[in-house]
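The values are calculated or read from the model by the stated rules, or taken from the named source; none is laboratory data. Just so we're clear, the structure is a prediction, and the values are computed from it rather than from any experiment. Every residue, glycine as well, gets a Cβ built from its backbone with ideal geometry; the counts of neighbours run over all protein chains shown.
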Amino acid sequence: MIRFIDEHRDQFGVEAICRVLSSAVRGFITSRGYRAAKRRPPSARRLRDELLVAEVARLHAENYGVYGRRKMHALMRRQGRDVGRDQTERLMRLAGVRGVRKSRRVTGTVGDSFDNAMADAVNNLYKTELIRQQGPWRTVEQVELATLEWVWWWNNSRLHGELDMRTPIEIENAYYADHESANLASVGQGSR
């Protein structure tokens, strides 16, 4: 309401806007309420939101602009931010960012190497997150370089829902750490 009045006050005046809209929109503020709201210092939530909106926009851009609410929430929590899912969604709306949606188009043909569910899933994400999102592409070399960068990001930074919002490199490191500790335990038991 405040923003609407701010945008149109020079054209119509505060009193006229409040008078007309209070009869049309239930609960619309009065001109007196508008002036009180303008004098009120920003709330702690608003100040925190201003900081977090910039952070959300930065993180979204760093991750190819593809993260939606779930992954952005997980990323914010990993960054040490104490935010909820709904708050993350609201911050993303304020920042003007949203996750990409996968294409519903049927691709990756029958009887070739792309005729399986896993390859279809990866190819669809590749096209959705990189090719359609970052284009238009001018040369094959641009696509090749962007693909190399995207694959590095996919393996080292991208949060995967199937991996409990962890990266493939984290899963691999955890596997080898568990494997190594199991080997050390078995070696220690064998020397007794």
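Specify the residue that is nearest to residue 95 (Cα to Cα); the eligible residues are those in the stretch 27-48 that are surrounded by 12 or more Cβ atoms within 10 Å (Cβ to Cβ) and of a type in the set (A, V, I, L, M). Here the residue is 37. Close contacts from the stretch 149-170, counting a first residue that is over 17 Å from residue 127 (Cβ atoms) and a second that is part of a helix (DSSP H, G or I) and among the small types (Gly, Ala, Ser), with Cβ to Cβ under 6 Å and a gap of 6+ residues or different chains, come to 159/74; 165/74. Meeting the requirement of 2 or more residues that are modelled with pLDDT of 95 or more, the helices (runs of 4 or more DSSP H) wholly within the stretch 1-116 are 44-62, 69-78, 85-95. So, in the stretch 152-167, exactly how many residues are among the charged types (D, E, K, R) and touching a strand residue (DSSP E or B) at 6+ places or on another chain (Cβ under 9 Å)? Number of matching residues: 1.
Within the stretch 140-147, not a single residue is surrounded by 13 or more Cβ atoms within 10 Å (Cβ to Cβ), within 18 Å of the chain's Cα centre (by Cα) and not basic (Lys, Arg).
Provide a single number: the residues in the stretch 128-139 that are within 17 Å of residue 68 (Cβ to Cβ) and surrounded by 15 or more Cβ atoms within 10 Å (Cβ to Cβ). So the answer is 3.
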